[in-house]
Amino acid sequence: MTGPPRLHPEDRADFQAVLHLALSTPDIRSALNADPTGQAANRLRTTALKAADEITAAASDEYQEYVAVRTAARRSPRRPAADGTLLPALMVLTPPVSATSAAVLLVLGYLLQLADVQGTLPGSLVTAGWVLALVAAAGTLIALAALLHTAIRRRGGAPHADRLEQTRLNWQQALLDRGMLPHLRQYIRQDPLLGPAPPEQPPPGAPPADPNGASSHTH
């Protein structure tokens, strides 16, 4: 059977953010104001950082869920490596380049035909122009399909990201309520400079105080 989870190094920043929030709560801030030197606040912060694993254990269920969701997110399929190659650029550039080339070839081919230029050149230019026009049309359809596919993939990943953020917030709240605040308040009660003042003791030789509040007198 495994023990409570230890705080991962990458979560230290979140732990310190929760600690800062706990130090700002009214009762803890009021207690720390009793020490104008600020040393008590430094001691309190230091002891909380040293007891990070112990404090984290108070919210172990939420922390384990957060870590599990984060691990699953990192193992989820990533975009293919081709996304970082020239393929996307080619898919975007091919339609306009092909369309421009097709227009040029068609104009030249038809002008040569109108000028009664003999030979196969005018017909070849017209044929090549229509081929490039078809390539431009097909490239446009492929580019639109790729953009739609990317949008669907990104939209499908949103719920997973939302769940990751929600489990993180759940852990931070549990860490604050069940771990951080109880630890800080217990330390404050035990600190002689911050804890409640002991009852005032009578000076030596003074008669004991009456339980009902009246001093005893001899007659």
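From (1) surrounded by 11 or more Cβ atoms within 10 Å (Cβ to Cβ); (2) under 28 Å from the mean Cα position of the chain (by Cα); (3) part of a helix (DSSP H, G or I), pick out the condition that doesn't hold for ALA41.
(2)
Among ARG74, ARG70, which is the only one that is farther than 26 Å from LEU141 by Cβ and modelled with pLDDT of 90 or more?
Among ARG74, ARG70, only ARG70 is farther than 26 Å from LEU141 by Cβ and modelled with pLDDT of 90 or more.
State yes or no: is GLY38 out of contact with any helix residue (DSSP H, G or I) (no Cβ under 9 Å at 6 or more places or on another chain), farther than 19 Å from ARG163 by Cβ and modelled with pLDDT under 95?
Against the criterion (out of contact with any helix residue (DSSP H, G or I) (no Cβ under 9 Å at 6 or more places or on another chain), farther than 19 Å from ARG163 by Cβ and modelled with pLDDT under 95), GLY38 does not qualify.
Condition first: more than 18 Å from ALA174 (Cα to Cα) and open to solvent by 40 Å² or more (accessible area, probe 1.4 Å). Now tell me which residues in region 58-77 satisfy that.
Those that are more than 18 Å from ALA174 (Cα to Cα) and open to solvent by 40 Å² or more (accessible area, probe 1.4 Å): THR71, ALA72, ARG74, ARG75, SER76, PRO77.
Taking THR46 as the residue in question, decide whether it is open to solvent by 50 Å² or more (accessible area, probe 1.4 Å) and modelled with pLDDT under 90.
In short, no.
Go through ALA51, ALA22, ALA13, ALA31 for me and flag whichever is open to solvent by 60 Å² or more (accessible area, probe 1.4 Å), under 22 Å from HIS183 (Cα atoms) and of a type in the set (A, V, I, L, M).
ALA13 is the lone residue from the list that is open to solvent by 60 Å² or more (accessible area, probe 1.4 Å), under 22 Å from HIS183 (Cα atoms) and of a type in the set (A, V, I, L, M).
Checking ASP177 against (1) loosely packed, with under 15 Cβ neighbours inside 10 Å; (2) at pLDDT 90 or above; (3) more than 18 Å from ALA17 (Cα to Cα), only one condition comes out false. Which one?
(3)
The values are calculated or read from the model by the stated rules, or taken from the named source; none is laboratory data. Please read all numbers here as calculations on a predicted model, not as lab measurements. Cβ coordinates were reconstructed from backbone atoms using ideal geometry, including for glycine residues, and neighbour counts include every protein chain displayed. To get the accessible areas, we keep the full protein, side chains included, count just its heavy atoms, and leave off ligands, DNA and RNA. Shrake-Rupley method; radii C 1.70, N 1.55, O 1.52, S 1.80 Å.
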